[in-house]
Each structure stands twice: as structure tokens, then as C-alpha cells.
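Structure, as C-alpha cells:
The values are calculated or read from the model by the stated rules, or taken from the named source; none is laboratory data. Just so it is clear, the structure is predicted and the values come from calculations on it, not from any experiment. In this analysis, Cβ positions are derived from the backbone assuming ideal geometry, glycine residues included, and neighbour counts consider all displayed protein chains. All accessible areas refer to the heavy atoms of the entire protein, side chains included, with ligands and DNA or RNA removed. Shrake-Rupley method; radii C 1.70, N 1.55, O 1.52, S 1.80 Å.
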Amino acid sequence: MSGQRSILVVDDDADIRESVAEALEAEGYHVATAANGAVALRLLREREVRPDAILLDIMMPDMDGRAFREEQMKDIRLALIPVIVFTAISAPADTARRLQAAGLLRKPLHLDELLSEVARVGGAAT
Amino acid sequence: MSGASPRRVLIVEDQRLVAADLEDTLRRLGYIVVGNVASGEEAISRSVEARPDLALLDVRLRGELDGIQTAAAIRERTDIPVIYLTAYADEDTVRRAMLTGPFGYLVKPFNERELRAAIDIAIYKHATDRLLAEERARRQAAEEFKFLVEGVEDYAIYLLDLAGRVTTWNMGAQRIKGYDAAEIIGRHYSVFYLPEDIASGKPEAELREAVEQGRAEDEGWRVRKDGSRFWANVVITALRDDRGQVRGFAKVTRDLTARREAELDLRRSAARTQAILTGALDCVITIDAGGRVLEWNRAAEETFGYRRDEAIGREMAELIIPEPLRSKHREGLARYLHTGEGPILGKRLELQAMTRDRGEIAVELSVVRVAEGASPTFTGFVRDITARKRAEMERERREEAQQLLDRATLMLAGSLDISETIRNAARSALPGLADWCLVDLADESGELGQVAAAHVDLDKEELARRLGRERIGDAGLPHGVHHVFRTGLAEVHPRSDDDASTARLLGTERSSLVHELGVESYLCVPITVRERTQGVLNLIRSGPRGAYTPGDLWVAQELAHRIGFAVDNARLFHAAQEAIRARDEFLQVASHELKTPLTPLQLQLDTVTRALEKSGQQNELLLGKLKMATRQTARLGRLVESLLDMSRITAGKLNLEVEYLDLSDLIRDVAERHRAEAGKIGSGIKVLADRPVGGRWDRLRIEQVVSNLLSNAIKYGAGKPIEVSVREGGEGAVRVEVTDHGIGIEKDVLGRIFGRFERGVSFRNYPGLGLGLFIARQIAEAHGGAVVARSQPGSGSTFTLVLPRQPVQQGAAGPGAEETKR
């Protein structure tokens with residue numbers, strides 16, 4: 001537990017990105033966002049962010065959550081970053097299991113659900 | 001002895017001088033001496049060898065045999081006259097000599113004249129004796145012959161003189177004709193004839209014929225003495241003397257009356273048989289062991305077209321057995337004659353036969369062996385069953401058609417994939433109805449296009465498909481596939497030598513393809529869907545089954561009708577499937593899209609609420625409004641979730657995500673979440689879930705069910721207390737009961753509250769999608785459980801969720817019966 005916790009939020013919906021980022025930042029997290037898997041991968045690979053957890057939407061254009069997770073797991077430097085599946089799809093638990101996610105959040109959700117799951121997986125903000 | 005050949009003489013004399021002298025003398029007299037021997041033994045052997053005309057024999061011979069013994073021996077062996085030579089004659093010798101029957105004695109000495117006279121007399125006497133003996137023998141034979149003839153009883157044998165008068169009469173004549181010899185001898189033989197024969201001069205004519213031909217034979221009626229008639233066979237032979245002059249006639253008459261009667265009987269019997277055969281409805285054909293026709297009745301004449309006289313003597317196989325079966329028939333006959341194996345004898349068989357005009361007919365046949373022995377004959381009873389067969393075939397054909405249609409119906413019903421359906425239908429027409437088949441349907445623009453092609457010969461199916469692909473558009477021909485499509489009227493086209501025009505009928509210009517595929521008969525029927533012609537069924541026979549009949553047309557129309565029906569069904573199904581798919585997709589997308597804006601909305605509300613709470617400002621008004629906005633957002637989320645569930649359930653995609661959980665825990669949790677809502681209308685929720693109840697279920701789904709049931713209880717609970725409990729049921733099941741004491745449910749409504757979009761009460765008073773119980777039941781059933789309701793209107797309801805500990809496969813039915821109690 002040293003320094004500020006960092007979370008990467010990957011979602012194609014700008015309002016969701018903003019809402020989640022605001023909520024997490026208010027809680028004391030450092031938050032980076034990406035509009036799809038490809039952007040997220042680039043951010044991670046270029047070392048712009050080194051998150052403690054990734055909040056990952058599944059249905060996104062360009063590179064969806066599954067493809068991102070696949071790429072992430074192939075990359076030894078990124079593979080260990082825990083992922084919370086964050087989705088509106090049906091049967092999210094199965095998807096989360098398949099993607100070996102550390103956590104699961106269903107959309108829509110309450111703030112306290114978000115905060116407790118992020119804290120559980122990524123650690124408390126401070 | 002002039003002119004005659006010299007007599008040949010044997011000398012038997014033991015005194016050699018006498019013998020030499022005698023030989024000299026005989027030679028001088030012109031005799032031939034064939035031997036001059038001294039002993040009896042030599043005399044016997046020489047006389048046998050030389051066959052002399054005469055032997056001169058000394059009575060007194062020295063040696064074993066004396067002259068008399070020798071003479072007896074010679075006479076015994078030959079017929080040679082013997083003259084004894086003797087110098088003296090004592091009584092005893094003479095007596096003994098006499099017994100041997102000598103032809104003369106010469107007493108020595110004798111002179112030449114005496115010698116010659118004795119020899120000539122002896123030879124003459126010998127010849128005379130022989131003639132007399134022959135005459136005697138002849139007379140005796142004639143006597144015996146006469147006796148024989150007279151004794152014959154079965155034949156009348158008698159002689160006529162030249163004038164025709166009877167001269168002899170035998171027993172047979174007496175027996176047959178009734179006259180005795182005394183009465184008839186001397187009378188003219190015409191008394192044996194009928195008056196009309198006498199008047200026509202028949203008796204004289206017969207004698208004339210006998211004179212001219214040597215012999216006359218006649219068969220006919222003759223008259224007995226008592227006037228009765230008998231059927232006679234008469235042979236008259238002319239008798240001639242040594243000079244060839246006719247001296248009389250021998251007449252032999254036989255009485256054939258009995259035999260004639262027998263023959264007539266036989267003939268009558270044969271005629272009766274013939275009448276039976278002629279009148280018989282069945283063909284009666286008899287053949288000999290060589291297979292040649294012996295009998296051929298009228299029915300056979302009529303059936304096979306050969307007259308009796310044409311058929312008899314010919315080989316039956318050539319007449320009525322079709323060529324390919326002939327050798328089998330011949331082999332069968334030969335085998336039977338050889339081995340006695342006749343597998344077809346006495347059995348009823350059905351086979352093909354051939355008539356004169358080469359037409360084949362179906363016949364029923366049974367064969368019996370008639371004559372026994374080395375050369376048997378066989379009689380076949382043959383019945384033309386062509387008409388019956390045709391009727392049978394017609395029935396079979398109808399059954400076959402029905403089967404074809406049934407099969408087609410089955411095939412058409414077997415798939416809702418429209419092109420597979422049509423392919424199946426096309427195939428079902430083969431080979432019963434067609435050798436190849438094309439199915440054309442109108443596309444959206446109304447153009448006819450091929451949707452299926454089938455050929456009995458799979459190698460040719462591609463050709464048929466190609467022909468269908470290379471169709472040309474409607475050229476406005478007054479017949480053919482496009483005409484049928486335009487008019488909706490079926491057409492039948494016979495074979496044509498003009499491949500090009502046949503091709504045009506089929507709507508193509510590829511006459512070479514048409515030629516290769518072969519068109520013997522072409523049947524084209526419209527496929528009509530809801531009274532509109534939507535396509536054409538093309539059926540083509542290229543093989544030997546020949547032209548299409550009205551019966552085939554009926555079957556084809558039925559088939560086309562069924563194809564039309566199936567096409568319509570498939571189209572409707574397809575459209576329905578498409579609509580369902582579109583709806584499901586819409587619901588999926590809509591649900592997802594609806595949930596997405598809810599996410600920031602909810603988060604923003606929560607964030608603002610929290611910020612407000614943290615700020616320490618006591619702005620109850622603002623906080624209250626925020627909480628309402630949050631509640632309504634949550635409600636909107638639930639509605640969206642319900643819609644999504646609906647789409648999942650109807651698409652059969654309600655996937656469970658099972659995990660081990662404590663149901664009591666879950667229920668306490670859900671109840672807690674509803675406490676505020678219930679409290680608002682004054683209801684309390686009483687939870688009876690103290691002990692853990694573990695099992696594997698889908699946590700969110702079970703939460704959803706319990707939540708739905710609690711929401712309902714709150715909604716319809718009239719503000720009265722609500723109880724929720726969990727307990728272990730029997731057989732490894734657990735039961736969750738949610739009981740309210742509200743308005744209750746009417747009995748007639750109870751049965752349908754679990755239906756989609758159903759509700760127990762009016763929409764106006766109790767808003768909602770009406771999906772809650774439907775989804776609850778679907779989730780329960782997906783777990784292998786059930787939701788049942790009991791209610792007493794006005795007193796409240798109890799909903800029971802029954803869950804097995806271990807969920808069964810999705811889609812299995814649970815014990816979903818409603819109960820009405822209390």
C-alpha cells in the first residue's frame with residue numbers, strides 16, 4: 001500500500017467514463033480512461049498508465065473487451081493487472097470467468113457497488 | 001435214260017476181282033462209278049459223301065457189318081436205293097434182306113442186260129416211291145389245313161367259285177353268318193349283303209375288283225341269316241391256277257361290330273371331351289413330351305389367336321411363350337422328363353404369355369401330367385388374367401400414388417427450409433412419377449426460376465440442373481412451362497422427335513441437353529399457393545414407363561398442391577422466424593442500449609447524493625428529490641432488465657450461472673432491499689430464514705425471483721404484513737414462500753397469472769409490464785423447479801418457489817401446477 005492507487009477505465013461511452021472517473025477520483029483514485037481496447041493497450045504499452053486494476057467494458061467498437069483481455073494476457077508486462085468486467089451484456093458471470101477476471105460489475109450499478117468492487121480488486125484508494 | 005445225266009453208282013463188294021469186273025461193266029454201260037468199296041463202314045461213309053443215285057451191295061460182306069446191316073445203315077442216312085448182289089440166297093438171308101426194303105436183287109452171275117434193267121427199275125421205283133410219299137404228305141397237309149380253316153371261329157373263311165357261289169364253309173362263317181354248311185354251299189354269296197348293296201351291284205363289283213387287283217377289301221354292313229346286321233371287314237382274294245386263270249375266290253370276313261361299337265364309344269367320348277374343352281372358359285392346351293401341341297381348345301384359339309389346326313403339331317413355346325422365357329420352359333420340360341422333377345406341376349402360377357399379335361398378356365396357369373409312361377403328355381389350364389391384373393395394377397398404382405403423395409407430404413413437412421423442402425419434393429416424385437423433375441418458383445419479381453432439379457440417375461442430375469439454369473424468359477408461347485405458369489392450367493406433351501421444340505416447351509433453347517436427358521412424355525402442372533400460380537412442377541419420363549395418363553396428372557396435381565402448401569408454410573415460417581429473430585435482436589440491442597445511459601445516470605445520482613450528504617448541508621428537499629430520482633432510475637433499470645429477460649426467455653437463451661449459495665442469506669438480503677419500499681405503504685416484511693439452506697443456483701436469477709415475488713406481495717398486499725420463509729422440502733427440494741394478506745387472486749385469473757404480459761388486476765390500478773411472474777416461473781423452471789400460487793380472494797396469496805438443490809438441465813419442466821387453497 002504505497003502511494004495513490006491507479007485505475008484504468010475502458011468504456012466506449014464517454015458519460016460512463018466520466019461518471020466512473022469522477023466517482024473514483026472523488027474516492028482518491030488516480031483514473032485513466034480509454035474509449036476502446038486498442039487505446040487502452042496503447043496507453044498500457046506506452047507506460048502512460050500503470051493501473052492497479054482495469055475496469056473493462058465488453059461491448060466496444062474497434063477492439064472489444066474480450067480482444068483486449070486476450071492481448072493483455074499475452075503481454076507478460078500487462079498480464080498480471082487485475083481486470084473487473086464492467087458490462088451490460090447477458091450472462092456476464094460466464095464471460096468474467098472465461099476472461100479470468102478478478103471482479104465483475106453489472107451495468108447499471110450503484111456507486112457503493114462500484115467502490116467496494118474496485119477497492120476489493122484494486123485496493124483501497126489511500 | 002436218254003437225255004438224262006449218267007446215273008452215279010456205288011459198288012460195295014469184298015471180292016475185289018468181282019468188284020473190278022462190275023465196275024468195268026458199269027462204265028461200259030454209261031454209268032459213273034462214284035465208289036468201289038469192300039466194307040460196310042466204307043460203304044456208309046462213301047454213300048453219305050458221294051450221294052450216289054444207287055448202291056450195288058454184296059449181301060455177304062466180310063467185316064463188322066454184313067451187306068444187309070450196311071444197307072439198313074445207308075437207307076437210314078440217305079435215300080439211296082439199294083440193289084443186293086448175291087451168289088446164293090438161303091431163306092434166312094432172303095427174309096432179312098426183304099426187311100430192309102431193297103429195290104432189287106441180282107443173283108450172281110448176271111449179265112449186262114439184267115444189271116441194267118435192275119438198276120433202271122430200282123431208280124424208277126425209288127423216284128415213284130418218293131412222288132407217292134410227297135403226294136401223300138400234300139394230301140395230308142391239305143386235309144389238316146381244311147381242318148384248321150374249318151375250326152376257325154373268329155373268321156368266316158370260305159371259297160367261292162367263279163360265279164360267286166359258296167363252295168366251302170367254316171365254323172367261323174357259320175358262327176358269324178348263322179348258316180350251316182349244308183344250307184349255304186351252292187348259294188350265291190350276295191345273300192350276305194344288304195338289299196341296297198345288292199341293288200347297286202356291290203357283290204359283283206367286289207369280285208371284279210378282286211379279279212383285277214388280286215384282292216378286294218371292304219368294311220361295311222352285312223346281313224346274317226336271321227336278317228340282323230353286323231359290321232364286317234371283308235377280304236376277297238382271287239384264286240388262280242398254275243396257268244394264272246381265275247378259278248374262284250377265297251373270302252375272309254371278320255365281325256367288327258363290337259370293335260366298331262367300342263370305337264364309336266371312344267369317338268363319342270372324345271367328342272364329349274371335345275365339347276367340354278370347346279365350351280371351357282379356360283384355355284386347355286395339351287402338349288406331348290416334345291412340347292408340341294396335341295390339344296388346343298376354343299378358348300385357346302380366342303385367347304392366343306391361333307386356330308386349332310394351326311396350333312396342333314407346333315411347339316407350344318413358339319406360339320405362346322415370350323421369347324425370353326422359352327429356353328426356361330424347354331429346360332424345365334427336359335429336366336422333368338429326365339429327372340422327374342416338375343416343380344410347376346399342379347401349382348397355380350402367374351406369368352406372362354404372348355398372343356399371335358405379339359401382345360403380352362398375364363395368365364394364370366396350372367399344369368397337370370396326363371398320360372403316364374415313357375411319353376407323358378401335359379395339359380395346361382390357362383386363364384387370361386390381364387383384366388384382373390390390370391385392375392390389380394390400377395389399384396397398386398393408386399396405392400403407389402398415395403404412397404408417393406404421403407411420402408412427399410412427409411418430406412415436405414420434414415423441413416421448413418424452403419429450398420430443402422422443394423428438393424425433397426422433387427426427389428419424392430422419382431421414380432414413381434417421373435424420371436426427372438424440375439421445380440420452378442416465381443421469385444419476388446414474378447420471374448420463374450428453378451429451385452430444384454432431380455434425376456433418377458444421379459449422374460444426369462447435373463444436366464437437369466443445368467437445363468433449369470439455362471432457362472430463357474417467357475417467349476409468349478401458347479404452351480409449355482411459361483404458358484402453364486401464366487394460365488395455371490396443366491399440360492401433357494407426348495414425345496417429339498423435334499428436340500428443339502421440346503426444349504422450347506421446357507423453356508430452354510438447349511436442345512442438346514433435352515436430347516441427352518430424354519423426353520418420352522412431359523407433364524407440366526402449376527404450383528398454386530392461395531389461388532395464385534407461384535410456380536410449375538415439370539415431370540418428365542424418359543424411360544420405358546411411357547406416356548402420362550390422366551391418373552398421373554391427378555397425382556402430379558396433388559403433388560404440386562402439396563408443394564404449394566409446403567412452400568407457403570415454409571415462407572410463412574421463414575417470415576415468422578425472421579420476425580422473431582429481428583425482434584430478439586431488437587430487444588437485445590434495445591436492452592443493452594437502454595442500460596448504457598442508465599449507468600452514468602445512476603452513478604451521477606449516487607455521486608451527487610453522496611456529495612450532498614458529505615457537504616453537511618441540511619437540504620432535505622434536494623435530498624428527497626435526489627432519492628426519488630434514484631428510485632425511479634432503479635425502477636427503470638428493473639424494467640429494462642425484465643425486457644431483456646423476456647427476449648432471452650423467448651429466444652431460449654436464459655443461461656444460468658450457478659454457484660453455491662445460502663438461500664437463507666439471499667432471502668434476508670433481498671428482503672432487506674425491499675424493506676424501505678414495503679415500509680412506504682406500511683407493510684412489514686417478516687423473514688423466516690434462520691438456518692442456512694445451501695445449494696447450487698444462479699444467484700442473480702434467484703434474487704430476481706424472490707424480488708419479483710416480494711414486489712408483487714408489496715404491490716398487492718394492501719399494506720398488510722408480508723411473510724417470506726425458506727425451508728427444506730421433501731426429495732432434496734427447498735421451498736421459498738412469500739405470503740401476503742392483500743386482495744388475493746380470483747380463481748379464474750389464477751391459472752393465467754404466470755403467462756406473458758398477464759396480470760391479475762387491471763393495468764390502470766396496478767401498473768407494470770406483467771412480466772414478473774412469467775419471468776419468475778421461467779427462472780424456476782430453468783432450475784428444474786417451479787413457482788405455484790395459492791390464493792383466497794380478499795384474504796391474500798401465497799407464492800411458493802420450489803427449487804431442487806441441484807438444478808437440472810435447462811428447459812426441463814418443473815411441477816408447475818397451480819393450487820387453490822384456503
**Fill in**
To the nearest 10 degrees, the tilt of helix B:16-28 (Cα long axis) against the first principal axis of the alpha carbons of chain B is 90 degrees
**Item:** Sulfur and carbon atoms: percent of accessible area, the protein assembly as shown [1.4 Å]
**Value:** 53 percent
**Request:** List the relative contact order of segment A:6-120 as a percent without decimals, with contacts defined as Cα pairs under 8 Å and 6+ residues apart.
**Result:** 22 percent
**Message:** I'd like the orientation of helix B:418-428 relative to chain B: the angle between its Cα long axis and the longest Cα principal axis, in ° from 0 to 90, rounded to 10.
**Reply:** 10 degrees
**Asked** What order do B:Glu731, B:Glu396 take when sorted by accessible area (1.4 Å probe), most exposed first?
**Response** B:Glu731, B:Glu396
**Request:** Mind checking which lysines have their Cα closer than 18 Å to the Cα of B:Lys225? Skip sequence neighbours fewer than 8 apart in that chain.
**Result:** B:Lys177, B:Lys251
**Complete:** For B:Tyr31, B:Tyr105, the accessible-area ranking with a 1.4 Å probe, largest leading, is B:Tyr105, B:Tyr31
**Asked** How far is helix B:257-279 tilted, in degrees, relative to the longest principal axis of the Cα atoms in chain B, given as a value from 0 to 90 rounded to the nearest 10?
**Response** 20 degrees
**Request:** For B:Gly694, enumerate residues with amide H under 5 Å from its amide H, sequence gap 5+ or separate chain, H modeled in the peptide plane.
**Result:** B:Leu663
**Message:** Restricting the calculation to Cα positions, tell me the Rg (one decimal) and the Dmax (whole number) of chain A in Å.
**Reply:** 13.0, 37
**Request:** Could you pull the accessible area for B:Lys202 with a 1.4 Å probe, rounded to 10 Å²?
**Result:** 50 Å²
**Message:** I'd like the antiparallel share, as a percent to the nearest 5, of DSSP beta bridges with both residues in the protein assembly as shown.
**Reply:** 75 percent
**Message:** If you average the C-alpha positions of segment A:66-122 and of segment B:88-115 separately, how far apart do those two centres end up, in angstrom?
**Reply:** 178 Å
**Asked** Considering only protein heavy atoms, what is the solvent-accessible area of B:Ile540 at a probe of 1.4 Å, reported in Å² to the nearest 10?
**Response** 0 Å²
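Looking only at other chains, what is the average number of their beta-carbon atoms within 10 angstrom of each beta-carbon in A:8-17?
Other-chain Cβ atoms within 10 Å of each residue's Cβ, averaged: 2.
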**Fill in**
For chain B the mean separation of alpha carbon contacts under 8 Å (6+ apart) over residue count, i.e. relative contact order in percent, is 4 percent
**Message:** Suppose all protein chains stay in the model; what accessible area per residue would a 1.4 Å probe give for the protein assembly as shown, in Å²?
**Reply:** 52 Å²
**Message:** Given the -39500 (n - 2.57) contribution per DSSP H run of 4+ residues, what per-residue ellipticity at 222 nm results for chain B, rounded to the nearest 500 deg cm²/dmol?
**Reply:** -15500 deg cm²/dmol
**Prompt:** For B:Ile649, what accessible area in Å² do you get when you roll a 1.4 Å probe over the heavy atoms of the protein chains, rounding to the nearest 10?
**Reply:** 20 Å²
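Ignoring ligands, DNA and RNA, how do B:His515, B:His329 rank by accessible area with a 1.4 Å probe, largest first? Don't jump to the answer; show the numbers that get you there.
Working: B:His515 120, B:His329 45 Å².
Ranked list, largest accessible area first: B:His515, B:His329.
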**Request:** For the B and A pair, go ahead and give the buried accessible area with a 1.4 Å probe, both sides summed, in Å² to 100.
**Result:** 2000 Å²
**Asked** Once phi is turned into θ = phi - 60°, what whole-Hz ³J(HN,Hα) does the Karplus curve with 6.51, -1.76 and 1.60 give for every residue of segment A:55-66, x standing for Gly and Pro?
**Response** 8, 10, 6, 9, 8, 9, x, 6, 10, 7, x, 5
**Message:** With unit charges on the beta carbons (Lys and Arg positive, Asp and Glu negative) and the dipole taken about the Cα centre of the protein assembly as shown, which residue among B:Val519, B:Tyr124, B:Ala232 sits farthest to the positive side?
**Reply:** B:Val519
**Item:** segment B:212-287: trypsin sites (Lys or Arg not before Pro) in DSSP loop, at most 13 other beta carbons within 10 Å
**Value:** B:Arg243
**Complete:** Per-residue average of other protein chain Cβ atoms inside 10 Å, peptide A:91-104 -> 2
